[in-house]
Structure formats: structure tokens, C-alpha cells
Amino acid sequence: MMLGRISQIIDSSVVDGPGNRTAIFFQGCNFNCHYCHNPETISLGSSKQEMELSEVVERIKRNRPFIKGITVSGGECSLQHAFIEALFLETKKMGLSNFIDTNGSLAFWELPALTELTDGFMLDVKATDAKIHIELTGKDNKMVLKNAEFLASIGKLYEVRTVMVKDELNNQKTLEEVGDVLQEYLNQPIRYKLIPFRPHGVRTAYGHWQSPDLEEMERLKDLTLAKGFKEVIVTS
């Protein structure tokens, strides 16, 4: 019996990858981001959050007529890669696409079976500056940037995501340097999603952080397009 620790399942989502998808949020994360909008998913959780693989598969089967695929997220879903690999084997049989939303902390080139079963990765890049990344998440970002290049090199980097925070983070530096890392792969349709910081759900200590205004978000969008990304999305 294979068990996964799962925070929640959203049966129908249009913001977690292409088309209408079932989004599965796994419990537990190895980053401790200051601005995390789901801090309740950071701890490993309790046995009450365990689901059998067969339960998750049946839930997806009920949604099958209405969805194009599934997306696994978190927390950090890749920490439960064995469960996800088994799940993706089942969803492939249903003709569904498989996407992973990840912080990029595990070496996906060391997980070839999972990577092969995954149609696209959505990679969160918190910051390219190593010091800022450690201060923000508690972890180094070397693996994140290696994953960005690796996933692009095999044509599976669907989207890069970065949260924009006014004054607290060097947003422009991150966008420019991600563009530099991925420059030779930007002939691919890798899109960049710029996410303005929102205080909702954030721990009290960081609730005073602010989002860049609309004018600044548009400037950052133009900068990212100028680096060679063909599609840049500013979320509301």
C-alpha cells in the first residue's frame, strides 16, 4: 500500500497549468519562505493527511471527463517523488498530462523515470541572489538554477514563476539573471509568470510586505520580454 501526505485536492483548476486540471497539493516542504501563502503546508503533517494511491486515482477518475491533466504542487511535492511517479503512471493510462509545480530543490536528472512521465514543470525561482535566497527560504538556490537549465535543456520547462515584493527583494536582478541562465533555450515557449505579493495567508511577521504597483509590474514585464521570453504573465 502506497501512501501520500496530501494537504488538499482541487478537482477543477484553470491556474495550475494548461487547461482545466485537477491540482493535488502535497503536505511538507523543505523551504521556509517568508512570504509563503500556504504556511500550513510546510510541516510534514499528520497521519490524517495520508491518502492511499488508489484513493487519489479514483478521485481523478471521477474528474476525467472534465480535465486535461493533473498538476502536483505543495508544499514541495517532489519530496514524495515515489508516490508521484506511481500516480503519474496511472494518469498516463487515462490519457492525462502530468505537470509538476516545484521549488526545484531536488535534482530531477537523478529522477529519470519521474521526469520522463512529466509533461511540464512549473519552477518557482524565489531569487537568483544566493544570500537573498537563503534569507528568504532558509536554503541555497544552486539546485534551483541547475534545474532551470536542465529542464529547459530537455524541453520540459513550461513556466518559471517569481513572486514580486516591493523593496524587500531585488526583483529586477532575479528576472534578468533567470533570462541569462535560460538564454539559449528561449526559442522554446517557456513562459514567465510574475506574481505580485499578496499578504493574504502570509505569516504575521511578513504581513507588512507590499506588492509593486501596477506601473512597476508592467515595467518588470517589459524587462522580462526584452530578455527573450515570448510570453510573460502578470497575475492579479
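The values are calculated or read from the model by the stated rules, or taken from the named source; none is laboratory data. All values reported here derive from a predicted model rather than from experimental measurement. Heads up, the Cβs are rebuilt from the backbone with ideal geometry, glycines too, and the neighbour counts pull from every protein chain shown. Protein only, heavy atoms only, side chains kept; ligands, DNA and RNA dropped before computing areas. Shrake-Rupley method; radii C 1.70, N 1.55, O 1.52, S 1.80 Å.
For the condition buried (at least 22 other Cβ atoms within 10 Å of the Cβ) and closer than 30 Å to TYR206 by Cα, what is the one hit in ILE100, ILE134?
On the way: ILE134 fails: buried (at least 22 other Cβ atoms within 10 Å of the Cβ).
Among ILE100, ILE134, only ILE100 is buried (at least 22 other Cβ atoms within 10 Å of the Cβ) and closer than 30 Å to TYR206 by Cα.
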note = Of the candidates PHE121, PHE150, the one satisfying the condition of being open to solvent by 20 Å² or more (accessible area, probe 1.4 Å), farther than 22 Å from HIS34 by Cα and either assigned to a helix (DSSP H, G or I) or modelled with pLDDT of 95 or more (or both) is PHE150
inquiry  = So for region 2-24 (the condition being touching a residue at least 24 places away in the same chain (Cβ under 8 Å) and out of contact with any strand residue (DSSP E or B) (no Cβ under 9 Å at 6 or more places or on another chain)), does at least one residue qualify?
reply    = no
message = Of the conditions (1) surrounded by fewer than 21 Cβ atoms within 10 Å (Cβ to Cβ); (2) more than 18 Å from the chain's Cα centre (by Cα), SER12 satisfies every one except a single condition; which number is it?
response = (2)
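Of THR174, THR162, which residue is assigned to a helix (DSSP H, G or I) and surrounded by 15 or more Cβ atoms within 10 Å (Cβ to Cβ)?
Details: THR162 fails: assigned to a helix (DSSP H, G or I).
Result of the check over THR174, THR162: THR174.
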ask   = Can you name the residue in region 20-49 that is more than 23 Å from HIS200 (Cα to Cα) and modelled with pLDDT under 95 and is also surrounded by the most Cβ atoms within 10 Å (Cβ to Cβ) among such residues?
value = GLN49
key: Criterion (over 30 Å from HIS208 (Cα atoms) and more than 17 Å from the chain's Cα centre (by Cα)) met by exactly one of VAL181, VAL165   = VAL181
remark   = Residues in region 90-118 that are of a type in the set (Val, Ile, Thr) and part of a strand (DSSP E or B) total 2
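To keep it simple, each residue is scored yes or no on (1) among the aliphatic types (A, V, I, L, M); (2) touching a Phe, Trp or Tyr at 6+ places or on another chain (Cβ under 8 Å); (3) open to solvent by less than 40 Å² (accessible area, probe 1.4 Å).
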{"site": "TYR158", "(1), (2), (3)": "no, yes, no"}
{"site": "ASP167", "(1), (2), (3)": "no, no, no"}
{"site": "GLU184", "(1), (2), (3)": "no, no, no"}
{"site": "GLN188", "(1), (2), (3)": "no, no, no"}
{"site": "PHE197", "(1), (2), (3)": "no, yes, yes"}
{"site": "GLY207", "(1), (2), (3)": "no, no, yes"}
{"site": "LYS227", "(1), (2), (3)": "no, no, no"}
{"site": "ILE233", "(1), (2), (3)": "yes, yes, no"}
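Take LEU79 and tell me if it is surrounded by 22 or more Cβ atoms within 10 Å (Cβ to Cβ), in a helix (DSSP H, G or I) and within 20 Å of the chain's Cα centre (by Cα). Lay out the reasoning, then the answer.
Values: surrounded by 22 or more Cβ atoms within 10 Å (Cβ to Cβ): no; in a helix (DSSP H, G or I): yes; within 20 Å of the chain's Cα centre (by Cα): yes.
Judged against the criteria, LEU79 is not a match.
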request  = Might you let me know whether region 205-216 holds any residue that is within 30 Å of LEU117 (Cβ to Cβ) and outside any loop (DSSP other than H, G, I, E, B)?
outcome  = no
